[in-house]
Amino acid sequence: MDLLLDIWQRMTTSHAALAPLTAWLTVAAAAAIVLFPPVWRIARHAITIVHEGGHGVVAVLCGRRLGGIRMHSDTSGLTVSRGRPSGPGMIFTLLAGYPAPALLGCGAAWLLSRGFDVGLLWALLAALALLLVQIRNWFGLWSVAVTGAVVFGVSWFGTPQMQGVFALLVTALLLLGALRTSLELQQSRSRTAGLSSDADQLARLTHIPGLFWVAVFLGIQLGCVALAAILLRFLQA
């Protein structure tokens, strides 16, 4: 009971915002991670976790039966759900993946704007724990478990300054990483026809070109970046 009370107190304690210079340097570090290929190849696994989690959450909300999630060492993933192969439920499930990291990043920015950086980290831990039971391959289990261990380590052992920097780094990485994945998606689509990407599957279901769906992904992601920047006072509304 004392442990649960301690966790609750940590989650609900509001911390002071980071100094402006520290905040800008943290966002710059996130941008460097996204832009530097060797580091991005590792960090992209976190984006894949949220991407596939987004598919899974929306599939369940649409009444589909979640069959499991797989993640692979090349940063690709697969979420299997059962239900009608067409219709709104399938469309929304496919639509959810690419915007999911940006939407989560926007929600994270809202929590950070209120000082709940530790609360954000524990919310991420809870989400990872729920996702873990749906993973159906060893690499996926390892990927989610390692991510959870890192988040737990910072949330439990880190200083308030470290927790604030890490929470902002994760938030910025989700927002900026989401944008890069959509740009990579279109780049791969331009090289290879007939892909089974989310955009191409949406195109086959809706008879609307895949380029339109990539633009939808980017539009949602850019909107989330702008809103997060306003919430965190990097931009003035």
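With just the Cα atoms defining each centre, how far is region 123-156 from region 1-70? Give it in Å.
10 Å
Pull up all non-local amide H partners of Ser81: gap of 5 or more, or a different chain, and H-to-H distance under 5 Å with H placed in the peptide plane.
Distant-sequence amide H within range of Ser81: Gly67.
For region 75-136, state which trypsin sites (Lys or Arg not before Pro) are in a DSSP loop and have at most 10 other beta carbons lying within 10 Å of their beta carbon.
Answer in residue order: no site qualifies.
Just the number, please: Stokes-Einstein D of region 116-237 in µm²/s, Kirkwood Rh from C-alpha pairs, 4 °C, 1.567 mPa s.
77 µm²/s
Counting only the backbone N, which residues of region 120-147 are under 14 Å from the spot 7 Å out from the Cα of Phe157 toward its beta-carbon?
Once the point is set 7 Å along Cα→Cβ of Phe157, nothing inside region 120-147 turns out to lie under 14 Å by backbone N.
Leaving out ligands, DNA and RNA, and with a 1.4 Å probe, what % of the accessible surface on region 1-81 is carbon or sulfur?
Whole-percent figure for carbon plus sulfur exposure: 69.
Of the accessible area of region 104-234, with the probe set at 1.4 angstrom, what percent is carbon plus sulfur?
72 percent
For Thr171, what charge total do you get from the other residues with a beta carbon under 14 Å from its beta carbon, if Lys and Arg give +1 and Asp and Glu give -1?
Local charge sum for Thr171: +1.
So with the 1.4 Å probe, I'd like the accessible area per residue for the chain, rounded to whole Å².
52 Å²
So what are the ³J(HN,Hα) numbers for region 124-140, from phi and the Karplus equation (6.51, -1.76, 1.60; θ = phi - 60°), rounded to whole Hz, Gly and Pro as x?
5, 4, 4, 5, 5, 5, 5, 5, 4, 6, 9, 6, 10, 9, 5, 5, x
The values are calculated or read from the model by the stated rules, or taken from the named source; none is laboratory data. Quick caveat, the model's predicted, so the values are computed rather than measured. Reconstructed Cβ throughout: ideal geometry from the backbone, glycine too, with neighbour counts over all protein chains shown. For the accessible areas, the whole protein counts, side chains as well, though only heavy atoms, and no ligand, DNA or RNA atoms are used. Shrake-Rupley method; radii C 1.70, N 1.55, O 1.52, S 1.80 Å.
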